[in-house]
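No value in this document is a laboratory result; all are computed from the given coordinates. Since we're looking at a predicted model, the values are computed, not measured. Please note: Cβ atoms are built from the backbone with ideal geometry, for glycine as well, and neighbour counts cover all protein chains shown.
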Amino acid sequence: MEASRRDFMQYVVGAFGAVAAVGAAYPILKSLGPNAAAALQSKVDYDVSQLKPMDVRVTSWKGFPVFVMMLPTPFNWNGPERNNKYKNHNRDILGNHNVYAIIGKCTHLGCIPLWKPDGDSAMNPSNVPVFHCPCHGSIYTPWGDNISGPAPLPLGVPPQTLNGNKLEIGTPGFVKKFWNPYA
């Protein structure tokens, strides 16, 4: 059986069509995979040796702003608490650790809360350290538990572990799983 010119052209056009289909499918399939920038930040190491008690520093993890902070030891919270099912939620997750990271994004509308280490005049008592969201007035404890305002949930808590002076954000340790109220 001898191939005709028509058969040859069908093979050539078919081959070009297959190459075009692969070329069109590649970017679509590539976009379904993990974002390279997010994958690079799946773990962030933060040197906490320069932190002083009541210091808050900001870094980024998986596109979220993250507050890395140090509380004095011992630290006694004498501020108000919200009586709902999330009362002391983050405080319980973080345990007795005085160096930790929380997500710096308000659970109401996503604004960035401000750290007020000397307290906030809107609070009673006004001398307790809090995070205050400037957008609509939500107030959070140093652990990120919401105590007033329209925010429905505590701030997020990423998985983390402390190895010496290095806080590894994104590595399961004293916080095993990402508490993600933003999903």
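For region 128-181 versus region 57-92, the spacing of their alpha-carbon centroids is 4 Å. Here region 79-155 is described by how far its Cα atoms reach on the three principal axes: 28, 26, 23 Å, from widest to narrowest.
GNM remark for the chain: springs join alpha carbons under 10 Å apart, and the peak mean-square fluctuation among V13, V99, V128 falls on V13.
Helix 5-32 and the longest principal axis of the C-alpha atoms of the chain enclose an angle of approximately 0°. Computed from the Cα positions only, the extents of the chain along the three principal axes stand at 94, 38, 25 Å, in decreasing order. Less than 5 angstrom separates the built amide H of G79 from none of the residues sequence-distant by 5 or more or on a different chain.
How do the peptides 15-21, 145-151 rank, highest first, by the average count of neighbouring beta carbon atoms within 10 Å per residue? Write down the numbers at each step before the final one.
Values: 15-21: 10.0, 145-151: 21.3.
Highest-to-lowest ranking by the protection proxy: 145-151, 15-21.
Listed by Cβ neighbour count within 10 Å, with the fewest neighbours leading, I139, I28 appear as I28, I139. Annotated for region 26-183: lysine pairs at least 8 residues apart or interchain, Cα distance under 16 Å, count 9.
Each residue in L114, L94, L32, L153 was given a count of other beta-carbon atoms within 10 angstrom of its own, and listing them fewest first yields L32, L114, L153, L94.
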